[in-house]
Amino acid sequence: QVQLLESGGGLVQPGGSLRLSCAASGRTFGNYYMGWFRQTPGKEREFLASISLRGSNTYYLDSVKGRFTISRDNAKNTVYLQMNSLKPEDTAVYYCAASRVGPSRDWSLYNYWGQGTQVTASS
């Protein structure tokens, strides 16, 4: 079993940056594909980015490509989401997730989830 804990959320002005971290428990982190999702009230969980086992391949939602960067450090059991040029519409609860299947855009294929961290882009 994998436990995930996100951190790094907060309030930022539009145009600003945040770096989210997701720390995983256990010694099998390197066996999981990792993804970041976000959700706002009344909407379905939205795929943002995912990364392969060793970090060599990454995938993004079109609207965040060029602004968000996913990375992982298997030695630290941590996956990151660097978010730049944040917009008010990026405001949401952000979740990291772990999948045994692949770096999917489908949230239902992820086995483990963190508790979420709030990101608010507002002046």
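The values are calculated or read from the model by the stated rules, or taken from the named source; none is laboratory data. Because the structure is a prediction, the values reported are computed rather than measured. All Cβ positions, even for glycine, are placed from backbone atoms using ideal geometry, and neighbour counts span all protein chains on display. These area figures cover heavy atoms from the full protein model, side chains too; ligands, DNA and RNA do not enter into them. Shrake-Rupley method; radii C 1.70, N 1.55, O 1.52, S 1.80 Å.
Figure legend. Inter-residue proximity from the stretch 89-116: first residues within 9 Å of Phe37 (Cα to Cα), second residues in a loop (DSSP other than H, G, I, E, B) and modelled with pLDDT of 95 or more, beta-carbon distance below 6 Å, spacing 6+ or different chains. Indicated pairs: Val93/Gly116; Tyr95/Gly114; Tyr95/Gly116; Cys96/Gly114; Ala97/Tyr110; Trp107/Arg45. Here Asn77 qualifies as closer than 16 Å to Val2 by Cβ, surrounded by 13 or more Cβ atoms within 10 Å (Cβ to Cβ) and polar (S, T, N, Q).
When the residues of the stretch 14-53 are filtered to those that are aromatic (Phe, Trp, Tyr) and touching a Leu at 6+ places or on another chain (Cβ under 7 Å), the one that is farthest from Asn77 (Cα to Cα) is Phe47. How many of the residues making up the stretch 65-88 are closer than 13 Å to Arg19 by Cα and touching a residue at least 60 places away in the same chain (Cβ under 8 Å)? The total comes to 7.
Taking the options Thr117, Thr69, name whichever one is β-branched (Val, Ile, Thr), open to solvent by 40 Å² or more (accessible area, probe 1.4 Å) and closer than 18 Å to Gly9 by Cβ. Exactly one residue qualifies, and that residue is Thr69. Count of the stretch 49-88 residues, restricted to those that are touching a strand residue (DSSP E or B) at 6+ places or on another chain (Cβ under 8 Å), farther than 20 Å from Phe29 by Cα and not β-branched (Val, Ile, Thr), is 9.
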